[in-house]
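Worksheet for the structure shown next.
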Amino acid sequence: MEKIDIRGLKFDNVTREEARLLALEALLSDKTTTVFTPNAEIAYNAGKDKDFFGILSGADILLPDGAGVIKAS
């Protein structure tokens, strides 16, 4: 899956439909899936806090939340 780097965070480059299918796949799986949806403020704060950055970077699925992050991509 292609990733887009925004402030060092690697967001999944998916359409809304692809995101829906990823969520469905995660729900039907026995595996635990971590999904985060950072907005611009959260992405900015992660750039200042390495522990927070590490948590977000460890997501199985990282999707943008809000026009600011989407425009940055």
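The values are calculated or read from the model by the stated rules, or taken from the named source; none is laboratory data. What you are looking at is a predicted structure, and each value in this text was computed from that prediction instead of being measured. So basically every Cβ, Gly included, is an ideal-geometry build from the backbone, and we count neighbours across all protein chains shown. Side chains are part of the model used for accessible areas, which takes the heavy atoms of the whole protein and leaves out ligands, DNA and RNA. Shrake-Rupley method; radii C 1.70, N 1.55, O 1.52, S 1.80 Å.
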Of all residues in segment 44-63 being surrounded by 14 or more Cβ atoms within 10 Å (Cβ to Cβ) and of a type in the set (A, V, I, L, M), the one that is farthest from the chain's Cα centre (by Cα): Ala46
Cβ pairs under 7 Å, 6+ apart, first in segment 6-35 and within 14 Å of Val69 (Cβ to Cβ) and open to solvent by less than 50 Å² (accessible area, probe 1.4 Å), second of a type in the set (Gly, Ala, Ser) and in a helix (DSSP H, G or I): Ile6/Ala43; Ile6/Ala72; Gly8/Gly47; Leu9/Ala43; Leu9/Ala46; Leu9/Ser57
